[in-house]
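*Asks:* Pasting in a structure now, in structure tokens, and then I'll have a few things to ask.
The values are calculated or read from the model by the stated rules, or taken from the named source; none is laboratory data. These figures come from a predicted structure and were not determined experimentally. With ideal geometry, Cβ positions are generated from the backbone for all residues, glycine too; neighbour counts draw on all protein chains shown. To get the accessible areas, we keep the full protein, side chains included, count just its heavy atoms, and leave off ligands, DNA and RNA. Shrake-Rupley method; radii C 1.70, N 1.55, O 1.52, S 1.80 Å.
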Amino acid sequence: MTDVLIAMLITIVSAATPLLFAALGELVVEKSGVLNLGVEGMMVMGAIAGFAATTHSGSLALGVAGAAFIGALMASVFAFLVLVLMANQVASGLALTLFGIGLSALVGSSFVGTPLDGLDPVAIPGLSGLPVIGRLLFNHDVLVYLSLGMVLAVWWFLNRTRAGLILRAVGESHDSAHALGYPVVWIRFAAILFGGAMAGIAGAYLSMAYTPMWSENMSAGRGWIALALVVFATWRPLRVLVGAYLFGGVTIAQLHIQGAGIDVSSQLLSMLPYLATIVVLVIISRDGARVRLNAPASLGRIFHSSGSK
Amino acid sequence: MSTPDKQPLISLSGICRSYPGVLANDNVSLTINKGEIHGLIGENGAGKSTLVKIMYGSVRPDSGRIVFNGDEVSIDNPAFARRLGIAMVFQHFSLFEPMTVLENVALGLAGQSADAALAGRLVETGERYGMPVDADRTVDELSVGERQRIEILRCLLQDPELLIMDEPTSVLTPQESNALFVTLRKIAEEGRSILFISHKLDEVRALCETSTVMRGGKVVAQCDPREESAATLAKLMVGEDLAEVERPPRSASGAPIFEINDLNVPAPYPGASALQSISFAVSPGEIFGVAGVAGNGQAELLAALSGETRSARSSVTVNGESCGHEGPRARRSRGIGFVPEDRLGHGAVPDFALTENAFLTGHITEPLIRSAMIDHARTRTFAEKIRATFDVRAASVETLAGQLSGGNLQKFILGREILLNPRVLVVAHPTWGVDAGAAVLIRSRLVELAQTGAAVVVVSQDLDELLQISHRISVLTSGTLSGSMATADVTAEELGLLMMETDGGQYAHTA
Amino acid sequence: MRILPELEPRTGDPGHWRFTTVLVALALTIIAGCIMFSLLGHAPLKALHVFFIKPVSSFNGLAELGVKATPLVLCAIGLALCFRANVWNIGAEGQLTLGALAASWFAITWYESESLMLLPVMIVAGVVGGMFWAGIPALLKTRFNANEILTSLMLVYVAQLLLAYLVHGPWKDPDGFSFPESRLFPDASAVPRILPGTRLHAGALFALASVAAAWLMLGKSLPGYRIRVTGSAPSAARYAGFSANAVVWLVLLISGGLAGLAGMLEVAGPIGQLVPTISPGYGFSAIIVAFLGRLHPVGILFAGLALALSFIGGELLQIEMGLPLAVTLVFQGMLLFFLLGSDVLLNYRLVWRKGATPAGSAHD
């Protein structure tokens, strides 16, 4: 019984990791005052980029790096649109998603059905031998450790560094930050690129570790769920961690119910993560004041340097 | 530093800067000496803000040169301005509300993190200049006066040679303004220069030793304000003699037509003011003034009066009928008109033409809809009437509201509301940010409206304005309203004391 | 002296730029398309010919354009109303699916019906189904303040899974060799064709009617005015006593109803039964149609035809040159990018501003 439970908990980790990467990246973007709805598009591009780079080079590391690069490249298109050309952020994010889904399918058509040796677990010497805990905590692939490290890194950056302070200031009031002489556009550009790279890695995790293969549209809405997680976490990195694992849990529970032979249609069970997202959004948003208190005040607003003439 | 007699710190020459449709700065020249408090006066739209933004590097001039401490410089961004030793306190503060005072101060200083050493320096500097602060509070908890202190301290920690203050007293009570002047004189005594921007002439005369007057983007005079009268300065500033508006004698008293009884509204969001047991009554022909510093419940009170926030049924009464539970449309049908604080986006839709903006509230009581469709011809006629009657300077009624100047848009909104023949008119900050000519017209139209028998409520921060046109005044502090006083019996200082009471007390118990 | 470009907010009417920017975006998309085809190893001109010209070089092709434009225009008209009101419904695909499901129930239940009432009932069912699905985000937004972007999108996945469940399960054709498909719909449910020899059906008339109705509503009626004020200046809407929640409900219900109608027309028109995929993403592409049409009903009509072309062109490319169908989506995504990018010229104008004389330079 414990074996089954441990196996289940381990799969939760792998279901949660892509959400964690993508949501952390988006959190930083939103903290800088930009809403990028293109996470899904960047993620699916990351998935194909990671898969293709690994297949061609044979190096998993290059695969992950390629995914991060492509994610950031996609993000830079978005950044150019919303920061330089001051386009509507919602529409531009949607464009990024539609474009990413299309382009990944186009590029990926020759990779459908190609097998790939995915990321292997890295046992942490000494600790992985511990009973139960060892398998649960210290025997994951390297991206899982990286994702957890990123939670701490993002938290530390936002709350303990001057650069993080400036980033938050830009997200709170771009006019004030501009008045103080901070380069609002460049700071946001950097944040958006980071968000893109993180979404790319999230995609790579899907195609290289979670299910080591490529299939069209394989992110299946996870980019959108990551967006919801940022709201759920009220823009706090540690709560993103909690939220991602909660969602990982829902996804896995759904798979296990199917596996356990309970007679419910797989299609109906597959609705669970999406329904859970809606439920979670409703619960969090009910308290409008709390969301308002935590959301960066400039979120989604277009910045123009003469805005406060 | 001993008197550094007439040594120029910064001098600007031939500064030009245009915006679409306006020449905001037209060949402007200005010199500020070391240790001097220099007044920059002019009406709204005279080009003062553009000029200081050029000095602070947040706006680039089209042409012109700047010499600072003997060197010609190009101030490309605020960071460079700060390195030169130029600091600025903005009219709309550049503070980050959910962040702490300490974080805000750190953000204003190059390469500074929000650590204990900075907190120590902040508190110490605050004490030296008589401005105590609590470094750990978040800015959204602070009053307007306290926020300004943070801005000034943030500047002083940069050890600036030039401190620019953009309309610093517009949000302060008379007493707070006087305290600010003491601090500013202390700063000037240390050899620092101050550029003090204002349109309040008495203040400039009290504080500054030299002043530059701007009008229509140009410098029209340089003078010693202490040797000028307020009237001569006003004439320089406006370019003509303006008629004063006189408060009419109260025409008919009679029974109140607009009554507020024990109005209570909870704070709509954290940091806003809750309205507590507000009561007042206004009779036909009367102008009732509500004074107070922004952030003491003005926005909440205005929303409760207009119906945008609903309250207990009995808390608002028009002509003896209770309507506190009703929304804006029902209240308008009862004859309440309303001019909100924000013209663009609240009183008018910026990217709609004036005709469509005339329809915004016009259709509720005027027959502007015919067989379920908007009657464009009638709406246009109504808009034309507003434009003609209220001297709205726009190319046509198809001009977008967002393209009008503040004064013209305010005339349009006020005109729309008055031409709907209200029995009660609630007006927020009628002349805030409006040029002098428009201000005179607006005030006289309010007085005329009262003379025709309407009840008028004016909520304003401008004490002079309230003293000029209202019959009775109450003061709003922290969501409570003082008893009303006949305007003839009170002075600005007395009102200032009332405005401070709760505000100062709040600070005392939290500090 | 340095001369630097600066974008300055436009104050006046953008005039011809409203149309010019659309043409610029289309031109840039075609150029980018050429580059993309070259990179994929295909002769760009030939591919462009197949994609853009060939579909409309026959009578039947033109009729097909109308067939594809019908759902796009119906969905986009609704979305434009939403976007005008600043309500970001991006779940038209789900609303379309639910409309199709609701209508299909009647056709599947009365699969031998010859009643003249069947088609009208299905039309109503389609509209109501779409309204119901759009009503969920409306309820969650007005009641619980939940972001409609995320809820409407999540409901797309739910709707598609529901469709998959039904065609794999309860609604599977009992005589269908276990293919995941429903029974063929009865003839009484078929949307009548309006051009003999083609697939163009009466749904196109609904699309045209929706364009006319939306134009009248937005420009001339009080509800349209409320939608525009609410989207453009929410505080002004409150000031005039327009209920924001009522507007959210109004635009979402209209939008859902139109999308549901589009879904019904697809299954009862060109498809004729329920299959696992009833739309190649009309609901998402309609977002692009709405923007390309500048959120204006008449503009949307033309934009719908343009995007319909991209769907047919994509299919032809797949058949004739073996390119993946995803080319369509890439083209649409690029088009939206370029459109949003060129919008900058609508709202701002480029001015060249001299920098202040740099320190140390002797001349002015």
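*Asks:* Given the residues B:LEU354, B:LEU305, which is the only one that is within 14 Å of chain C (Cβ to nearest Cβ) and either under 24 Å from B:ASN408 (Cα atoms) or free of Cβ contacts under 8 Å to residues at least 60 places away in the same chain (or both)?
*Replies:* Values: B:LEU305 fails: either under 24 Å from B:ASN408 (Cα atoms) or free of Cβ contacts under 8 Å to residues at least 60 places away in the same chain (or both).
From the options B:LEU354, B:LEU305, the qualifying one is B:LEU354.
*Asks:* Would you list the strands (runs of 3 or more DSSP E) that sit entirely within segment B:1-97 and hold 2 or more residues that are open to solvent by less than 20 Å² (accessible area, probe 1.4 Å)? Explain how you work it out, then say what you get.
*Replies:* Values: elements: B:8-19, B:22-33, B:37-42, B:63-68, B:71-73, B:86-89.
Where strands (runs of 3 or more DSSP E) fall fully within segment B:1-97 and carry at least 2 residues being open to solvent by less than 20 Å² (accessible area, probe 1.4 Å), they are B:8-19, B:22-33, B:37-42, B:63-68, B:86-89.
*Asks:* Select from segment C:279-299 the residues that are in a helix (DSSP H, G or I) and surrounded by fewer than 21 Cβ atoms within 10 Å (Cβ to Cβ) and list them in ascending order.
*Replies:* Result: C:VAL298, single match.
*Asks:* Between a residue in segment C:282-304 that is in contact (Cβ under 8 Å) with a residue 12 or more places away in the chain and any residue that is among the basic types (Lys, Arg) and buried (at least 23 other Cβ atoms within 10 Å of the Cβ), which pairs come within a Cβ distance under 9 Å, given they are 6 or more apart or on different chains?
*Replies:* Close Cβ pairs satisfying both conditions: C:TYR282/C:LYS68; C:GLY304/C:LYS68.
*Asks:* Hey, another quick one. Select from segment C:1-34 the residues that are open to solvent by 50 Å² or more (accessible area, probe 1.4 Å), within 13 Å of another protein chain (Cβ to nearest Cβ) and at pLDDT 90 or above and list them in ascending order.
*Replies:* C:LEU28
*Asks:* Can you name the residue in segment C:316-328 that is within 15 Å of A:GLU216 (Cα to Cα) and in contact with a Pro (Cβ under 9 Å, 6 or more places away or on another chain) and, of all such residues, is modelled with the lowest pLDDT?
*Replies:* Per the stated criteria, the residue is C:LEU325.
*Asks:* Is it the case that some residue within segment B:346-359 is surrounded by fewer than 21 Cβ atoms within 10 Å (Cβ to Cβ) and over 18 Å from B:ILE413 (Cα atoms)?
*Replies:* Within segment B:346-359 (the criterion being surrounded by fewer than 21 Cβ atoms within 10 Å (Cβ to Cβ) and over 18 Å from B:ILE413 (Cα atoms)), the answer is no, since none of the residues qualifies.
*Asks:* Yes or no: segment B:456-468 includes at least one residue that is over 25 Å from B:ILE386 (Cα atoms), out of contact with any Ser or Thr (no Cβ under 8 Å at 6 or more places or on another chain) and hydrophobic (A, V, I, L, M, F, W, C).
*Replies:* The answer is yes; a qualifying residue exists.
*Asks:* I need a count of the residues in segment C:103-142 that are over 21 Å from C:PRO170 (Cβ atoms), out of contact with any Ser or Thr (no Cβ under 8 Å at 6 or more places or on another chain) and aliphatic (A, V, I, L, M).
*Replies:* 8
*Asks:* Select from segment B:402-453 the residues that are touching a residue at least 40 places away in the same chain (Cβ under 8 Å) and of a type in the set (Lys, Arg) and write down the one among them that is least open to solvent (accessible area, probe 1.4 Å).
*Replies:* Within segment B:402-453, the match that is least open to solvent (accessible area, probe 1.4 Å) is B:ARG416.
*Asks:* Working carefully through the options C:ALA100, C:ALA85, C:ALA80, find the one that is surrounded by 23 or more Cβ atoms within 10 Å (Cβ to Cβ) and over 13 Å from C:VAL251 (Cβ atoms). Walk me through how you get there before you give the answer.
*Replies:* Details: C:ALA85 fails: over 13 Å from C:VAL251 (Cβ atoms); C:ALA80 fails: over 13 Å from C:VAL251 (Cβ atoms).
C:ALA100 is the lone residue from the list that is surrounded by 23 or more Cβ atoms within 10 Å (Cβ to Cβ) and over 13 Å from C:VAL251 (Cβ atoms).
*Asks:* A further question follows. When you scan segment C:271-278, do you find a residue that is buried (at least 24 other Cβ atoms within 10 Å of the Cβ) and farther than 21 Å from C:GLN95 by Cα, even just one?
*Replies:* no
*Asks:* Please identify the pairs in which a residue from segment B:466-481 that is β-branched (Val, Ile, Thr) has its Cβ atom under 6 Å from the Cβ atom of a residue that is open to solvent by 20 Å² or more (accessible area, probe 1.4 Å) and part of a loop (DSSP other than H, G, I, E, B), counting only partners at least 6 apart or on another chain.
*Replies:* Qualifying pairs under 6 Å: B:ILE469/B:ARG247; B:VAL475/B:SER482.
To keep it simple, each residue is scored yes or no on (1) within 26 Å of B:MET485 (Cβ to Cβ); (2) touching a Lys or Arg at 6+ places or on another chain (Cβ under 8 Å).
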| position | (1), (2) |
| --- | --- |
| B:PRO284 | yes, yes |
| B:VAL290 | yes, no |
| B:GLY297 | yes, no |
| B:LEU305 | yes, no |
| B:ALA312 | no, no |
| B:ARG329 | no, no |
| B:VAL339 | yes, no |
| B:ALA348 | no, no |
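*Asks:* Separate question: Does segment B:83-93 contain at least one residue that is more than 13 Å from chain A (Cβ to nearest Cβ) and aliphatic (A, V, I, L, M)?
*Replies:* Step one: filter segment B:83-93 for residues more than 13 Å from chain A (Cβ to nearest Cβ), giving B:85.
Subset that is aliphatic (A, V, I, L, M): none.
Within segment B:83-93 (the criterion being more than 13 Å from chain A (Cβ to nearest Cβ) and aliphatic (A, V, I, L, M)), the answer is no, since none of the residues qualifies.
*Asks:* Just the residues that are open to solvent by less than 30 Å² (accessible area, probe 1.4 Å) and closer than 24 Å to B:ALA450 by Cβ, please, taken from segment B:327-342. It would help to see each step written out before you state the result.
*Replies:* Filtering segment B:327-342 down to residues open to solvent by less than 30 Å² (accessible area, probe 1.4 Å) leaves B:327-328, B:331-332, B:335-340.
Within segment B:327-342, B:PRO328, B:ARG331, B:ARG332, B:GLY335, B:ILE336, B:GLY337, B:PHE338, B:VAL339, B:PRO340 meet the criteria.
*Asks:* Give the residues of segment B:181-211 that are part of a loop (DSSP other than H, G, I, E, B) and closer than 20 Å to B:TYR56 by Cβ, sorted by residue number.
*Replies:* Start the filter on segment B:181-211 by keeping residues that are part of a loop (DSSP other than H, G, I, E, B), which leaves B:190-192, B:199-200, B:208-209.
If the condition is that a residue be part of a loop (DSSP other than H, G, I, E, B) and closer than 20 Å to B:TYR56 by Cβ, then B:ARG192, B:HIS199, B:CYS208 are the ones that fit.
*Asks:* Let me ask another. Sort out for me the helices (runs of 4 or more DSSP H) sitting completely within segment C:44-155 that have 1 or more residues that are touching a Cys at 6+ places or on another chain (Cβ under 7 Å). Even if it seems obvious, please write down each step before you answer.
*Replies:* On the way: elements: C:44-48, C:59-84, C:92-109, C:118-144.
The helices (runs of 4 or more DSSP H) meeting that bar are C:44-48, C:92-109.
*Asks:* Identify the single condition in (1) within 8 Å of another protein chain (Cβ to nearest Cβ); (2) assigned to a loop (DSSP other than H, G, I, E, B); (3) polar (S, T, N, Q) that B:SER396 does not satisfy, given that it satisfies every other one.
*Replies:* Of everything listed in (1) within 8 Å of another protein chain (Cβ to nearest Cβ); (2) assigned to a loop (DSSP other than H, G, I, E, B); (3) polar (S, T, N, Q), B:SER396 misses just condition (1).
*Asks:* Any residue in segment B:84-98 that's under 13 Å from B:GLU146 (Cα atoms): show its pairings with residues that are of a type outside the set (Phe, Trp, Tyr) and modelled with pLDDT under 80 at Cβ separation under 8 Å, as long as the two are six or more apart or on different chains.
*Replies:* B:GLU97/B:GLY271
*Asks:* When A:ALA163 is evaluated against the numbered criteria (1) within 28 Å of B:MET88 (Cβ to Cβ); (2) at pLDDT 90 or above; (3) open to solvent by less than 30 Å² (accessible area, probe 1.4 Å); (4) small (Gly, Ala, Ser), which criterion, by number, is the only one it fails?
*Replies:* Single failed check for A:ALA163: (3).
*Asks:* Of all residues in segment B:402-456, how many are small (Gly, Ala, Ser) and in a helix (DSSP H, G or I)? Talk me through it step by step, then tell me what you get.
*Replies:* Restricting attention to segment B:402-456, the residues satisfying the condition of being small (Gly, Ala, Ser) are B:402, B:405-407, B:415, B:428, B:433, B:436-439, B:444, B:450, B:453-455.
Still in the running and in a helix (DSSP H, G or I): B:402, B:406-407, B:415, B:436-439, B:444, B:450.
Result for segment B:402-456: 10.
*Asks:* Moving on to the next point. Given (1) more than 10 Å from chain A (Cβ to nearest Cβ); (2) surrounded by fewer than 19 Cβ atoms within 10 Å (Cβ to Cβ); (3) closer than 29 Å to B:LYS48 by Cβ, where does B:SER143 come up short, assuming only one miss?
*Replies:* Single failed check for B:SER143: (2).
*Asks:* Would you be able to say whether some residue in segment A:50-71 is touching a Lys or Arg at 6+ places or on another chain (Cβ under 9 Å) and open to solvent by less than 40 Å² (accessible area, probe 1.4 Å)? Explain how you work it out, then say what you get.
*Replies:* At the first step, the residues of segment A:50-71 found to be touching a Lys or Arg at 6+ places or on another chain (Cβ under 9 Å) are none.
No: zero hits.
Conditions tested, residue by residue: (1) in a helix (DSSP H, G or I); (2) without any contact (Cβ under 8 Å) to a residue 24 or more places away in the chain; (3) away from chain C (no Cβ under 11 Å).
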| site | (1), (2), (3) |
| --- | --- |
| A:PHE80 | yes, yes, no |
| A:ALA91 | yes, yes, no |
| A:ALA95 | yes, no, no |
| A:LEU98 | yes, no, no |
| A:GLY102 | yes, yes, no |
| A:THR114 | no, no, yes |
| A:GLY118 | no, no, yes |
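*Asks:* Which residue is farthest from the chain's Cα centre (by Cα), if the candidates are limited to segment C:221-240 and must be more than 7 Å from chain B (Cβ to nearest Cβ) and of a type outside the set (Lys, Arg)? So that I can check it myself, show each step before the final result.
*Replies:* Quick first cut of segment C:221-240, residues more than 7 Å from chain B (Cβ to nearest Cβ) only: C:223-224, C:226-228, C:230-231, C:234, C:237.
Add one more test, that the residue is of a type outside the set (Lys, Arg), and what stays is C:223-224, C:227, C:230-231, C:234, C:237.
Values: C:PRO223: 22, C:GLY224: 20, C:ILE227: 19, C:THR230: 22, C:GLY231: 19, C:PRO234: 25, C:ALA237: 27 Å.
Ranking the candidates gives C:ALA237 first.
*Asks:* For segment B:178-204, name all the residues that are in contact with an Asp or Glu (Cβ under 7 Å, 6 or more places away or on another chain) and either within 23 Å of B:VAL238 (Cβ to Cβ) or open to solvent by 60 Å² or more (accessible area, probe 1.4 Å) (or both).
*Replies:* B:ILE197, B:SER198, B:HIS199
*Asks:* Quick check on segment B:262-269. Is at least one of its residues under 26 Å from B:VAL139 (Cα atoms), within 14 Å of chain C (Cβ to nearest Cβ) and open to solvent by less than 20 Å² (accessible area, probe 1.4 Å)?
*Replies:* no
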